[in-house]
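Here is the structure we will look at, set down as structure tokens.
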Amino acid sequence: MSDAPALRPFVIEALTDLGAAVSEDDSLVWVQAPELVQRDLEVPGRFALAFDAERNREFEAELVAPGSYFLERLVSVVARRGRWNVSECTATGTDWISEALHESGLGPETAVSSHVDGIEDGLLLLFAFRVTLVSDEKRERFHLVAVSPVDGSTWPVDPDRPDRGLVPHPSPGIRPDLEAAYRLATESLRTTTGVEVERFRTRSLGLLEEEVRRIFGYFDRTIEGLRESDPGGSQDLLRAVMAERDRRLTEAVERFDPKASASLCSIRAILVPTARLAIGFPDGTRIESRLDAWSGRLRGLACRICGGTAGPWRPSARDGLRCATCASTPAESARPRGRPRSDTPRRGTRAGEASTRSPRGSRARSRGASSGRRRP
């Protein structure tokens, strides 16, 4: 699978942020670079980028691919300009482990046992995205997504949390697999913003439908009035009115057509103590999990009902591990207390006879049926 879909928006956004003018066509990206960018990236004033190895020979284009010289230079320049930085979580001791377990709903009071198999230096990548929704109005929000390169897990992060407990780290030379982590972050972003985007789209299309209906209503009345007032009138006037109607419809589609986009703003590497835990649950299951001191998120757990991985958790010897949302949901899917009584006669019952007894204990006979005979 090609990495071009993941790399292309990152590279374009980074070059634009550096002050370069970027234009795209089907196969290449053309860049007009200022002098500072030319010197830092070792490129001429105008050059082309190819994200496909088969096209990089066209116009002597620079190949952009994992491990390519141009991409390595670009990441280095971006890091120096602050779009990439490294921080370290300052947590010490082991108290943060028990605190995180308690906040996750897995403290000792829940009959959950945990054993620390080891604490190691872990790495998280924090991606900051700007999500823009445009229709008749424009909405922008910032979203943070944390990625664990070790196990590939991702989760959204509260924008108020990133700097809590972090200090700058003097080692900007850390270079994890950014391309793979970027793909994971964008997929997580797509999932977490899906509902918001769909609501925006539904609203915009509803407004578009109302506007189209209003335009058609107005111009239909106008055309009808012209034809009634002057049946033999000029066809040029009618054509002009219909042309104006079509122009208004085109403007309405352009105005209310919903568009969603996301751009990468920054990447932060977080060095954080990470504990490897063996957690035993009341139902007898035992799960290996990872817990980092910065986010306090237990990785490796999943709700038995919805499959979610966010927590907090509600363990149970009878129902297994559930998230708090599923545990608090009314037991609509619980095992029924008894089978509802059926109106269908049991097998072996004679035609026309019900399977219930009358209050006096004798078997009730349905109306219109005699023993062995049917009414015509």
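The values are calculated or read from the model by the stated rules, or taken from the named source; none is laboratory data. Computed from a predicted structure; not experimentally measured. Note that we place each Cβ from the backbone using ideal geometry, even for glycine, and neighbour counts take in every protein chain shown. We work out accessible area using only protein heavy atoms, side chains counted, and drop any ligands, DNA or RNA first. Shrake-Rupley method; radii C 1.70, N 1.55, O 1.52, S 1.80 Å.
Summary of computed values
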{"read-out": "Residues (open to solvent by less than 60 Å² (accessible area, probe 1.4 Å) and either touching a Ser or Thr at 6+ places or on another chain (Cβ under 9 Å) or in a helix (DSSP H, G or I) (or both)) located in segment 137-166", "value": "143, 145, 146, 147, 148, 153, 154, 155, 157, 162, 165, 166"}
{"read-out": "Unique match (being touching a strand residue (DSSP E or B) at 6+ places or on another chain (Cβ under 7 Å) and farther than 17 Å from residue 265 by Cβ) among 146, 100, 128, 111", "value": "100"}
{"read-out": "Residue ID - farthest from residue 202 (Cα to Cα), chosen from residues in segment 122-136 that are open to solvent by less than 20 Å² (accessible area, probe 1.4 Å) and β-branched (Val, Ile, Thr)", "value": "131"}
{"read-out": "The listed residue being open to solvent by less than 60 Å² (accessible area, probe 1.4 Å) and among the polar types (S, T, N, Q), out of 191, 222, 202", "value": "222"}
{"read-out": "Considering residues of segment 83-103 that are charged (D, E, K, R) and under 20 Å from residue 168 (Cα atoms) only, the residue modelled with the highest pLDDT", "value": "88"}
{"read-out": "Residues of segment 60-76 satisfying the condition of being in a helix (DSSP H, G or I) and at pLDDT 80 or above", "value": "69, 70, 71, 72, 73, 74"}
{"read-out": "Residues located in segment 33-59, provided they are surrounded by 12 or more Cβ atoms within 10 Å (Cβ to Cβ) and either closer than 13 Å to residue 73 by Cβ or in contact with a Phe, Trp or Tyr (Cβ under 9 Å, 6 or more places away or on another chain) (or both)", "value": "33, 37, 38, 40, 41, 43, 46, 47, 48, 49, 50, 59"}
{"read-out": "Test: residue in segment 281-298 that is touching an Asp or Glu at 6+ places or on another chain (Cβ under 7 Å), open to solvent by less than 60 Å² (accessible area, probe 1.4 Å), farther than 18 Å from residue 105 by Cβ and not basic (Lys, Arg)", "value": "no"}
{"read-out": "For residue 115: the one exception among (1) outside any helix (DSSP H, G or I); (2) free of Cβ contacts under 8 Å to residues at least 24 places away in the same chain; (3) closer than 30 Å to residue 288 by Cβ; (4) open to solvent by 60 Å² or more (accessible area, probe 1.4 Å)", "value": "(2)"}
{"read-out": "Any chance residue 266 is within 30 Å of the chain's Cα centre (by Cα), of a type in the set (S, T, N, Q), assigned to a helix (DSSP H, G or I) and surrounded by 12 or more Cβ atoms within 10 Å (Cβ to Cβ)", "value": "no"}
{"read-out": "Of residues in segment 303-330 being under 23 Å from residue 146 (Cβ atoms), in a loop (DSSP other than H, G, I, E, B) and not β-branched (Val, Ile, Thr), the one least open to solvent (accessible area, probe 1.4 Å)", "value": "303"}
{"read-out": "Yes/no for residue 237 being open to solvent by 30 Å² or more (accessible area, probe 1.4 Å), assigned to a helix (DSSP H, G or I) and not charged (D, E, K, R)", "value": "yes"}
{"read-out": "Verdict on residue 120 being part of a strand (DSSP E or B) and either without any contact (Cβ under 8 Å) to a residue 12 or more places away in the chain or basic (Lys, Arg) (or both)", "value": "no"}
